[in-house]
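The values are calculated or read from the model by the stated rules, or taken from the named source; none is laboratory data. None of these values were measured; they are calculated from a predicted model. Ideal geometry is used to build each Cβ from the backbone, glycine not excepted, and the neighbour counts take in all protein chains shown. Only protein heavy atoms, including side chains, enter the accessible area calculation; ligands, DNA and RNA are left aside. Shrake-Rupley method; radii C 1.70, N 1.55, O 1.52, S 1.80 Å.
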There are 2 protein chains.
Amino acid sequence: MLPGRALRWRPTEGRQMVTANGMAEVAAAVGEPARAAMLTALMDGRALTASELARVAAITPQTASSHLARLIAVGLIAVERQGRHRYHRLANPAVAQMIEGIMQIAGGIQVRPRARTGPRDLAMRAARTCYDHLAGQLGVDIADALQARGAMVIDGDGALLTASGRAWMCDMGILKPDAGKHSARPFCRPCLDWSERRPHIAGVLGAAICTHALEQSWVRRREANRALEITPKGRIALKATFGISCAG
Amino acid sequence: MLPGRALRWRPTEGRQMVTANGMAEVAAAVGEPARAAMLTALMDGRALTASELARVAAITPQTASSHLARLIAVGLIAVERQGRHRYHRLANPAVAQMIEGIMQIAGGIQVRPRARTGPRDLAMRAARTCYDHLAGQLGVDIADALQARGAMVIDGDGALLTASGRAWMCDMGILKPDAGKHSARPFCRPCLDWSERRPHIAGVLGAAICTHALEQSWVRRREANRALEITPKGRIALKATFGISCAG
DNA sequence: CCGATGCTTCGACCGGGACCGAAGCAATGC
DNA sequence: GCATTGCTTCGGTCCCGGTCGAAGCATCGG
């Protein structure tokens, strides 16, 4: 009876243990108050810096760093570095869905949709150009609208215009039928928005939308900075085209 | 700078921390290899004893006992005692859904549907009576069929016949229109099946189905024990009514 | 009544991991 | 160049919880 457990409590099968261990690894990553707080903070789709995440979890940056490393290792969050900041976001929509599932069991209060714009830099936050495409709340809202009607899919750091989305954009004259077919430039790419912390559309498609908006006088360049002003005509057109309501 | 963290790293809000802690508690319950193995083993909907769960997790019964206590405490599994056995099952469908979500992230292999009946006690396992209702594979299959077509919902230790389900059962002459309206007896109750380890239907509804099956000669009582024999006529009727194929 | 079985509780051990302070590294600003 | 900011790495402490052996209750079978 010396080998005790080794003899008596041998697992029945090895296969299931593997998948169970993988599951345990993922669940354990979520199953710690600080990390859970971080993930919850990211549930609205924004990308936050390590310091901000440390703050919401009420821990020091050192500790947050190790937690984030673990979350990245198991593939729950993805990181994007920009200068001396590191922006963390949920790795993909499946992660958000999983967390929502856990919250439901936890007696969970649902996630608030996303806080609307803050009070500072109103003009820049509302709409601006980012290189050759639209950014700010307008840019993010357009990306949301395209996703909502199934015209585009954003997944992690890639994006795709669906067939119906392409047809729709062509119908509206925003996109030429053969646009981007033979270009080396990414056609449709998500770009992290600085003020909104959520992706807007870059690439050939993003540029086409921006060009169209300027040509049709939906937006007008402003002052010396990159801020854009939405015209009355633009307000009507954006509502009709994308279902976006732009606050005065 | 003495109070260090207390000053600098105060959490921004208390509300979110609460829901995050609840989530962490649930996720931590899953996030341990032994418990994850147990939950995985329960994913096919069967109910297993504490010893069986200890075996699949490759731990001693003492350890399993503490794990099970924790899983019960957070509401992931429910327990039903019968004699000196304690049958554990996932507390409700939402738990299974949550686990499936976690598995998906874990690079998860999906769960096998459910192993079909074992080789022993074939007659008893295939179909028998349990008091006044049907049990064995036939009983479980009928319960499955009712759920599949939205006639009944089983959730944890309660069950409900839907309005359409009641109408359907009445149309087929299984149920009288006013059946159970004024009875103190539970109308539709899940009953844990010994051989299948999954619920079949008890209560007024279960008795009605059993009575109907006997009256219509779908099944016939056998020998001295409670085993039932499915008649050729019954085979046809069960296929037509519930879509159940009974192996010879 | 006694023994066997299924499960839980108690006590003790020990390792992993959560935590922070200090220091190191990279990017920015002056 | 130097100071500041954002973040990571290193080292060390401490505690939670997973583990099993032994013992304690229930239930079932004689």
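The table below lists the values:
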{"item": "Relative contact order %, the stretch A:16-105, counting alpha carbon pairs below 8 Å whose residues are six or more apart", "result": "26 percent"}
{"item": "Sparse-neighbour loop sites [GluC sites (Glu not before Pro); the stretch A:189-223; at most 13 other C-beta within 10 Å; DSSP]", "result": "A:Glu223"}
{"item": "Charge tally in the Cβ shell below 14 Å around A:Val26, where Lys, Arg are +1 and Asp, Glu are -1, A:Val26 excluded", "result": "-1"}
{"item": "Of the trypsin sites (Lys or Arg not before Pro) in the stretch A:52-86, those whose Cβ has at most 12 other Cβ within 10 Å and which sit in DSSP loop", "result": "A:Arg84"}
{"item": "Mean-position separation - Cα centroids, the stretch A:201-244 and the stretch A:147-188, in angstrom", "result": "17 Å"}
{"item": "Mean separation of Cα contacts under 8 Å (6+ apart) over length of the stretch A:122-242, as relative contact order %", "result": "29 percent"}
{"item": "Net charge of Cβ neighbours under 13 Å - reference B:Arg235; Lys, Arg +1; Asp, Glu -1", "result": "+1"}
{"item": "Position B:Arg149, label points 7 Å along Cα→Cβ, spacing to each other copy in nm (shortest first, one decimal)", "result": "4.1"}
{"item": "Solvent accessible area, Å² - A:Phe187, 1.4 Å probe, full protein context", "result": "40 Å²"}
{"item": "Residues of the stretch B:184-203 with amide N under 14 Å of a point placed 7 Å along Cα→Cβ from B:Met172", "result": "B:201"}
{"item": "Heavy-atom surface of the stretch B:122-242, accessible at 1.4 Å and reported per residue (Å²)", "result": "49 Å²"}
{"item": "For B:Gly83, inter-copy label distances in nm, listed shortest first [label point 7 Å out on the Cα-Cβ vector]", "result": "7.2"}
{"item": "Solvent accessible area, Å² - B:Thr211, 1.4 Å probe, full protein context", "result": "70 Å²"}
{"item": "In the stretch B:146-248, the trypsin sites (Lys or Arg not before Pro) that fall in loop regions by DSSP, at most 11 other Cβ within 10 Å", "result": "B:Lys181"}
{"item": "Other copies of A:Lys233: label-to-label distances in nm, shortest first, labels 7 Å along the beta-carbon direction", "result": "8.1"}
{"item": "Charge context of B:Met169, other residues only, Cβ under 12 angstrom, K/R +1, D/E -1", "result": "+2"}
{"item": "Chain pair B, A: total accessible area buried, heavy atoms, 1.4 Å probe, Å²", "result": "4000 Å²"}
